[in-house]
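All remarks here apply to the structure that follows.
The values are calculated or read from the model by the stated rules, or taken from the named source; none is laboratory data. Because the structure is predicted, anything quoted here is derived from the model rather than measured. Reconstructed Cβ throughout: ideal geometry from the backbone, glycine too, with neighbour counts over all protein chains shown.
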Amino acid sequence: MADNREIKKVGVVGCGTMGSGIVQVCAQNGYETIVSEANEDILKKGLAKIDAFLTKGLERGKVTQQEKESTLGRIKAAGSMNDLSDCDLVIEAVNENIDLKRKIFAQLDEICSDHTLLCTNTSNLCIMEITQGLKKAEKALGLHFFNPVPLMKLVEIAPSIVTASDTVKAIINFIKSIGKEYVVVKDTPGFIVNRLNSPYTLNAIRLFENGIASIEDIDKAVKLGLNFPMGPFELMDFGGLDMMYVSVKGRYEELLEPQYSAPVLLKRMVLAGRLGRKVGKGWYEYNEKGEKIGVLKTTKDIEG
Ligand SMILES: NC(=O)c1ccc[n+]([C@@H]2O[C@H](COP(=O)([O-])OP(=O)(O)OC[C@H]3O[C@@H](n4cnc5c(N)ncnc54)[C@H](O)[C@@H]3O)[C@@H](O)[C@H]2O)c1
């Protein structure tokens, strides 16, 4: 844990997949952390996810009982976003929707003090657009964590063109203090990781679409031939095809590069409700334990 911290209290907006992981990591590394959600039920579910993650860690001997208790003791549920007003850093992790994120940032700009750093965990949206017109725009930047946050080492730091260099320095110190590695990247669609990953993933769909190989063989080839831990179809099912579709569409609209255009099958998979693991079927089908029980053999399978 770093000494001499400029940041003592962290606020998180959104306690879904990413927000709950961010809350956990901040609290585990000694930060008083407060989290706000759209409603109480969702907030309870998010906090239960953190508890379950720590309990699993305890069973595996990665976390002690005392660490678990002190981590949970540092986490507070906000009654409303106003409760985040005395935070030194606020990380927004709400749904990937530009209007929603702009609204949240406008509220944070009003309620937080002048020294508060404001971060967005967006995967694909423009940081300058989210923070446009804010009084504290120079205190705001992109802070892109990866899923699952407690296990993934990397964070991409994406300052906008008006972010102050002191803001970037303070965020770098914060990222080091929570035991993560960072890279700094310009405010551009997909930053580094998703910008490189999406042409590869979209090409995997094209291979299947063109009948060149099966989904299982493409995944097997990538895992055994490139030594990747997951194949592209497994990865898409993990992240969610709807999220991926929205992201690549945004990237294509801004960059106009054919490598980011979505193969026609991706939109049809989303429309057919094959969104991935979260709904029990995507490229693969899953049982309640999350084990694979089937795979899409041909596009005829979704044509009914
Ligand atoms: N899931 C991933 O793999 C991943 C990885 C990196 C970055 N991201 C980015 O992180 C952000 C969140 O993604 P996620 O996967 O956690 O989504 P999610 O749907 O799991 O969680 C979003 C949460 O925001 C909450 N929310 C909506 N409006 C709110 C409001 N006004 N106040 C407080 N909470 C509100 C929702 O209730 C929901 O629980 C997105 O910008 C996404 O692009 C996602």
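Of all residues in the range 34-74 being within 18 Å of the chain's Cα centre (by Cα) and not in a helix (DSSP H, G or I), which is nearest to Ile171 (Cα to Cα)?
Going through the qualifying residues, I end up with Val35.
Collect the residues in the range 51-66 that are out of contact with any Gly (no Cβ under 8 Å at 6 or more places or on another chain) and of a type in the set (Val, Ile, Thr), keeping them in residue-number order.
Matches in the range 51-66: Thr55, Thr64.
Just to verify a result, which residue in the range 89-134, among those that are of a type in the set (Asp, Glu) and more than 14 Å from the ligand (Cβ to nearest atom), is modelled with the lowest pLDDT? Write out each step before concluding.
Our first condition is that a residue be of a type in the set (Asp, Glu); within the range 89-134, this holds for 92, 96, 99, 109-110, 114, 129.
Add one more test, that the residue is more than 14 Å from the ligand (Cβ to nearest atom), and what stays is 109-110, 114.
Values: Asp109: 98, Glu110: 97, Asp114: 94.
Ranking the qualifying residues of the range 89-134, first place goes to Asp114.
Considering only residues of the range 248-277 that are over 23 Å from Asn210 (Cβ atoms) and among the small types (Gly, Ala, Ser), which is surrounded by the most Cβ atoms within 10 Å (Cβ to Cβ)?
The extreme case among them is Gly250.
For the range 222-260, name all the residues that are free of Cβ contacts under 8 Å to residues at least 40 places away in the same chain, farther than 15 Å from Leu125 by Cα and of a type in the set (D, E, K, R).
Lys223, Asp242, Glu257
For a quick check of your reading of the model, give me the residue pairs whose first member lies in the range 261-275 and is within 11 Å of Arg206 (Cα to Cα), whose second is part of a loop (DSSP other than H, G, I, E, B) and of a type in the set (Ser, Thr, Tyr), with beta-carbon atoms closer than 7 Å and at least 6 apart or on different chains.
Listed pairs, sorted by first residue: Leu265/Thr299.
So if I check each of Glu92, Glu69, which one is without any contact (Cβ under 8 Å) to a residue 24 or more places away in the chain and not assigned by TED's automatic domain parsing to the domain that holds Tyr252? Break it down stepwise before answering.
Values: Glu92 fails: without any contact (Cβ under 8 Å) to a residue 24 or more places away in the chain.
Step by step, each of Glu92, Glu69 is checked, and only Glu69 is without any contact (Cβ under 8 Å) to a residue 24 or more places away in the chain and not assigned by TED's automatic domain parsing to the domain that holds Tyr252.
Restricting to the range 159-205, give me the number of residues that are touching a residue at least 40 places away in the same chain (Cβ under 8 Å), surrounded by fewer than 16 Cβ atoms within 10 Å (Cβ to Cβ) and aliphatic (A, V, I, L, M).
1
For the range 7-33, give me the residue count where each residue is buried (at least 16 other Cβ atoms within 10 Å of the Cβ), over 18 Å from the mean Cα position of the chain (by Cα) and in a loop (DSSP other than H, G, I, E, B).
Counting residues in the range 7-33 that are buried (at least 16 other Cβ atoms within 10 Å of the Cβ), over 18 Å from the mean Cα position of the chain (by Cα) and in a loop (DSSP other than H, G, I, E, B) gives 4.
Looking only at the range 213-247, count every residue that is closer than 17 Å to Arg274 by Cα, modelled with pLDDT of 95 or more and of a type in the set (Gly, Ala, Ser) and tell me the total.
So the answer is 0.
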